1. Could you grab me the full set of residues in region 78-93 that are over 16 Å from the mean Cα position of the chain (by Cα) and within 15 Å of residue 129 (Cβ to Cβ)?
2. Given the residues 47, 10, which is the only one that is assigned to a helix (DSSP H, G or I) and at pLDDT below 95?
3. Any residue in region 179-187 that is closer than 14 Å to residue 147 by Cα and exposed (fewer than 12 other Cβ atoms within 10 Å of the Cβ)?
4. Would you confirm, using the coordinates I've provided, whether residue 139 is surrounded by fewer than 22 Cβ atoms within 10 Å (Cβ to Cβ) and either modelled with pLDDT of 95 or more or part of a helix (DSSP H, G or I) (or both)?
5. I'm checking my understanding of the structure. Among residues of region 157-176 that are out of contact with any helix residue (DSSP H, G or I) (no Cβ under 8 Å at 6 or more places or on another chain) and exposed (fewer than 15 other Cβ atoms within 10 Å of the Cβ), which one is nearest to residue 209 (Cα to Cα)?
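The values are calculated or read from the model by the stated rules, or taken from the named source; none is laboratory data. Note that the structure is predicted; figures quoted are calculated from it, not measured. Cβ placement follows ideal geometry from the backbone for every residue including glycine, while neighbour counts extend to all protein chains displayed.
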């Protein structure tokens, strides 16, 4: 066993200083990469939000244009993040990519009547967690679109959208994994459940009112005809 009295303090100080200097260089590079990721994430979130807004407004050409810009920013963000494993699986990356997924799914549903699968988006580099997060967030947009359909008296579309929203919730709630594996997904499933229950209650109530109004009209017409 070495005698502590024989420790070369100055030599050890140099080792410590060199080690911290090396760590500082790594951390400076990580910090710069994180700043770039923050800027790219803002681009992703901005363009995905605009794409969704344009879908609700019915301007699908504009939605497609914003989606293209969103996808470009997303690919740039993931390309940068993959160079730094410490940053790739952080909330910063997951949150931004989940916004892209939400917009991608929503636009595909409205324009093509389908939802891109995880395998489809994984083939272009989308990780699992943000896919599931984006799938959960989709439920809120489905509710908005369903209520707009109700405003136009298109109950058939509203009920179909509810069916999709309910399917999302029912599948997500089967993922019984700890938050360490699927961060945020359980919470999104809980939010989706509340949205689905709320939308279902609204549609049932409005459908009953419309049916009652229809029966009243029939009775009035019948009374008028008998007179």
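1. Passing the criteria: 81, 82, 85, 87, 88.
2. 10
3. Of the residues in region 179-187, the ones closer than 14 Å to residue 147 by Cα are none.
No; the residues of region 179-187 include none that is closer than 14 Å to residue 147 by Cα and exposed (fewer than 12 other Cβ atoms within 10 Å of the Cβ).
4. Answer is no for this residue.
5. Within region 157-176, the first condition is being out of contact with any helix residue (DSSP H, G or I) (no Cβ under 8 Å at 6 or more places or on another chain), and the residues that meet it are 160, 163, 167, 170-171, 174, 176.
Then drop every residue that is not exposed (fewer than 15 other Cβ atoms within 10 Å of the Cβ), which leaves 163, 167, 170-171, 174, 176.
Numbers: 163: 21, 167: 26, 170: 28, 171: 31, 174: 35, 176: 39 Å.
Taking the candidates together, the pick is 163.
One line per residue, one yes/no per condition, for (1) at pLDDT below 95; (2) in contact with a helix residue (DSSP H, G or I) (Cβ under 9 Å, 6 or more places away or on another chain); (3) surrounded by fewer than 23 Cβ atoms within 10 Å (Cβ to Cβ):
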position: 55; (1), (2), (3): no, yes, no
position: 61; (1), (2), (3): no, yes, yes
position: 70; (1), (2), (3): no, yes, no
position: 79; (1), (2), (3): no, no, yes
position: 87; (1), (2), (3): yes, yes, yes
position: 110; (1), (2), (3): no, yes, yes
